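Bear in mind these aren't lab numbers, they're just calculated from the coordinates by the rules spelled out. Since the model is a prediction, treat every value here as computed from it, not as a measurement. Positions of Cβ are generated from backbone atoms using ideal geometry, with glycine treated the same way; all protein chains shown enter the neighbour counts.
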Amino acid sequence: MGQEKKMSQPSSFRLRSSSLNSLRLRKIFDMFDKNGDDIITVKEISQAMSLLGLEAEMAELESLTKSYIRPGNEGLAFEDFLKLHESLGEEYFGFMDSGGDEEKEEEKKEQEESDLWEAFKVFDENGDGYISARELQVVLGKLGLSEGDEIESVQKMIVSVDVNRDGRVDFSEFKNMMRSTIVKN
């Protein structure tokens with residue numbers, strides 16, 4: 001079952017909306033960069049994907065990234081990671097300039113919605129349509145983020161986006177949070 005989710009469906013890279021990319025890609029890069037050296041190695045990418053339940057063979061990741069790693073580097077710098085992401089968009093998803101066309105704009109909105117849903121599902125571990133403080137804490141912990149150790153911090157994160165005050169984040173609240181985070185940057 002885990003082998004079916006190879007790079008043919010790269011969920012972790014499914015961030016096609018240019019308005020969402022910059023901040024989200026930097027956060028992803030930083031999560032992958034476990035040792036904080038501003039370089040992500042194939043091993044770091046593989047480990048992060050595995051922690052998120054996304055399987056990819058090491059040889060496939062190496063093949064995918066090797067042409068983006070600058071000579072003398074052991075992995076991808078952030079700029080290289082951006083180029084790789086852009087290339088994946090073109091290769092896997094057939095990016096086209098929107099040129100103001102209404103149909104393309106609608107496709108873009110639908111794709112953004114799909115991207116956000118995929119991200120939401122990573123956090124909604126039990127699939128009930130809500131992200132609880134405990135689920136958020138588990139995912140943050142898997143990613144090695146310090147917030148994963150402190151339930152109080154996680155609860156504050158939930159409260160800050162929980163519009164209806166039910167103690168958990170639904171998809172609508174998650175979308176609002178993601179969109180407002182991007183707009184602020």
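Could you tell me which of the pairs Lys43/Lys83; Lys34/Lys156; Lys109/Lys142 are separated by over 27 angstrom between their Cα atoms in the structure shown? Don't skip to the answer; put the middle values down first.
Values: Lys43/Lys83 19 Å; Lys34/Lys156 25 Å; Lys109/Lys142 30 Å.
As for pairs spanning more than 27 Å Cα to Cα, those are Lys109/Lys142.
For Ile131, which sequence-distant residues (separation of 5 or more, or a different chain) have an amide H within less than 5 Å of its own amide H, given hydrogens modelled in the peptide plane?
Val169, Asp170
Glu125's amide H: which non-local residues (gap 5+, or another chain) put their own amide H closer than 5 Å, with H modeled 1.01 Å from N in plane and none for Pro or chain starts?
none
Choose one of Gly53, Ser114, Tyr68: the residue whose Cα lies farthest towards the positive end of the charge dipole of region 27-168 (beta-carbon charges +1 Lys, Arg; -1 Asp, Glu; about the Cα centre).
Among Gly53, Ser114, Tyr68, the one farthest towards the positive end of the dipole of region 27-168 is Gly53.
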